[in-house]
Amino acid sequence: MTEPDLTGTVSCRFCRSSDGELVLDAGLQPASDLFPLVTEPGPDPVHPLRMWLCGGCGLAQLIEDPTVPEEPRGKEPDAWIEQAKEAVADMAGAGLLAPGKVVFEYGSPHGGDWMDVLLERGLTPAASGQQADVIIDNIGMMHDADQAAALRERVDRLAPDGVLLFQFHSFRAIIEHGQWNALRHGHYAYYSTPALVTMLASVGLTPVTAFRYSLYGGTVLLAARRGGVPDEAVARIVEGEKAVGVLDPAAARTLQEACSATADELHRFVAAEKAAGRTTLGYSAASRSVALLNRAGIGPGLMSHIADAAEAKAGRRLPGSEIPIISPDELVAAKPDTVVLFVPDLLPEVRKAMPEIEANGGRWVVAEEMTGSAG
Ligand SMILES: [Zn+2]
């Protein structure tokens, strides 16, 4: 593939620089948050899905997004709730969440709010428009097309001696685990800690501490304030991410290879299962399943159904691949030989919730772990 020259055509969503590189082209993809009714025929509209790495501030970002967000709210996975408790405990341990502090949360449209856990600890929710001692952005700001305006809004809302807690799925994890299908319309930014340090510095904030979690294969929680001094943890995480190449277009471009390899392997695997007379169904009609199945060219002929616990997705199908969505009960009743799981974090909870799958002789296979050795 010849790299198109994007010089002068892309402007960074944060620093407005046009100096940067295309690092991932996931091809033409449907809007991953629009699940048509099974009665609505395809083909669905598709749009370019591409990632650009800014050479100015280092922010990895979505180049273009002609889609309109319209996501049926999914079920909040147990893994997120556990993560919220752990993160809040860590931040309280670092002395950043004292009872009585006023808190405001910019949450994710996907759920997983921390507010309940914070109220249990005696923090007070901010009144409308009130400045807060603690501003939380929990996988929220990535949904803002204008990253500079979004960060400015958060900083304006922060009390003079307040702390901004910013949690994000790390670009390091995306590169390290080949998670090319984290890229999706509606998700405008893919943060690394070094890029965030630069972004925060431009609005007068300095990270003071940071924590890493295993959620999504690597999630970072950064605490930043005015006049802060970075601790050892911040320095360690920044160095670790730089070593993986979060600011290096060549390292980021390995996502392109991961994209082809995962899609090819998934297709090979599912086709081989079918040829061997084994039924393969999917689990989790998440945005990343949409891009992967579409890219792999897998439709209902190879994978008749994909299960999801979200009631909002009942009676609907995936865009692009047109695979109908069924409930977990229907998945169990179908007694599949193989269930391809598209969200690795869900493995412990789906095995626990649906022991019948394995009791009936079936097995779970994690899509993201397919690198040519599965099957
Ligand atoms: Zn930039």
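Bear in mind these aren't lab numbers, they're just calculated from the coordinates by the rules spelled out. Given the structure is predicted, the values throughout are model-derived calculations rather than measurements. Here the Cβ is made from the backbone with ideal geometry for all residues, glycine too, and neighbour counts use every protein chain on show.
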GluC sites (Glu not before Pro) restricted to segment 24-133 and DSSP loop, no more than 15 other C-beta within 10 Å: GLU64, GLU70
message: Averaging the inverse of every distinct alpha carbon separation and then flipping it gives the Kirkwood radius. What is it for segment 116-272, in angstrom units?
response: 17.0
- request: Between the alpha-carbon centers of segment 204-220 and segment 308-375, tell me the distance in whole angstrom.
  value: 30
statement: Quick calc, segment 156-286, dipole around Cα centre from Cβ unit charges on Lys, Arg (+) and Asp, Glu (-), nearest 20 debye, gives 260
- line: Length-normalised contact order of segment 263-369, Cα under 8 Å, at least 6 apart, in percent, tallies to 27
- line: In whole percents, the bins of 5 Å from zero upward hold the Cα-Cα pairs of segment 1-252 as 1, 6, 13, 17, 19, 17, 12, 8, 4, 2, 1, 0
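Kirkwood Rh, segment 171-232, all Cα pairs: how many Å? Working shown, then result.
Working: mean 1/r = 0.0784 Å⁻¹.
Hydrodynamic radius (Kirkwood, Cα pairs) of segment 171-232 is 12.8 Å.
Mind checking the dipole of the chain: about its Cα centre, +1 per Lys or Arg Cβ, -1 per Asp or Glu Cβ, Debye to the nearest 20? Before the final figure, lay out the partial values.
Numbers: 31 positive and 50 negative charges, 28 e Å.
Using only the charged Cβ atoms, the result is roughly 140 debye.
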query: Viscosity 0.692 mPa s, temperature 37 °C: Stokes-Einstein D of segment 263-369 from its Kirkwood Cα radius, in µm² per second?
result: 244
- prompt: Put +1 on the Cβ of every Lys and Arg and -1 on every Asp and Glu Cβ in the chain; which of PRO319, THR280, TRP114 then has its Cα farthest towards the positive end of the dipole?
  reply: TRP114
query: Put +1 on the Cβ of every Lys and Arg and -1 on every Asp and Glu Cβ in the chain; which of PHE171, ALA261, PRO30 then has its Cα farthest towards the positive end of the dipole?
result: PHE171
For peptides 288-301, 325-338, sequence by mean Cβ density within 10 Å, most packed first: 288-301, 325-338
Label point distance in nm, VAL68-ALA145, each placed 7 Å from Cα along Cα→Cβ: 1.2
query: Once both axes come from the Cα atoms, what is the angle between helix 254-275 and the longest principal axis of the chain, in degrees from 0 to 90, rounded to 10?
result: 30
statement: Among ILE139, PRO45, LEU200, the residue whose Cα sits farthest towards the positive end of the charge dipole of segment 1-252, when +1 is placed on the Cβ of each Lys and Arg and -1 on the Cβ of each Asp and Glu, is LEU200
- request: Determine which lysines satisfy two conditions relative to LYS274: a Cα distance under 27 Å, and not lying fewer than 8 residues away in the same chain.
  value: LYS313, LYS335, LYS352
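Given only helices, namely DSSP H runs of n ≥ 4 each adding -39500 (n - 2.57), what is the per-residue ellipticity at 222 nm of the chain, to the nearest 500 deg cm²/dmol? Mind dumping the intermediate values first?
Numbers: 12 runs with 115 residues, N = 375.
Taken over the chain, the calculation gives -9000 deg cm²/dmol.
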message: Can you tell me the orientation of helix 287-296 relative to the chain, as the angle in degrees between its alpha-carbon axis and the longest Cα principal axis, to the nearest 10?
response: 50
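Given a Förster distance of 45 angstrom, what is the FRET efficiency for GLU239 paired with LEU28, based on the Cβ-Cβ distance and rounded to 0.05? Please report the intermediate quantities before stating the final value.
On the way: r = 38 Å, r/R0 = 0.84.
My answer for the efficiency is 0.75.
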field: Only Lys, Arg (+1) and Asp, Glu (-1) charged, at Cβ; segment 263-369 dipole about Cα centre in debye
entry: 220
- line: Computed over the chain: longest principal axis from alpha-carbon atoms vs helix 78-93 long axis, angle to nearest 10 degrees, is 20
field: Stretchable slack from GLU232 to SER214, in nm (0.36 nm times residue separation minus alpha-carbon distance)
entry: 4.5 nm
- request: Return the FRET efficiency for the residue pair GLU349, ALA98: r is the Cβ-Cβ distance, R0 is 41 Å, and the value is rounded to the nearest 0.05.
  value: 0.80
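If packing is taken as the average count of other Cβ atoms within 10 Å, what order do 247-259, 184-196 fall into, highest mean first?
Numbers: 247-259: 18.4, 184-196: 24.3.
Most protected by this proxy first, the peptides run 184-196, 247-259.
Kindly give Rg over Rh for segment 248-312, based on alpha-carbon atoms, with the Kirkwood expression for the hydrodynamic radius. Don't jump to the answer; show the numbers that get you there.
Details: Rg = 13.9 Å, Rh = 13.0 Å.
With Rg and the Kirkwood Rh in hand, the quotient comes to 1.06.
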- request: Please give, to one decimal in nm, the separation of the simple spin-label points placed at HIS177 and ALA250, each 7 Å out from Cα toward the Cβ.
  value: 2.6
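Before anything else, pin down the relative contact order of the chain: Cα pairs under 8 Å, at least 6 apart, normalised by residue count, whole percent.
Reported as a whole number, the value is 17 percent.
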task: Using label points projected 7 Å from each Cα along Cα→Cβ, tell me how many nm separate ALA359 and SER17, to one decimal.
output: 5.7
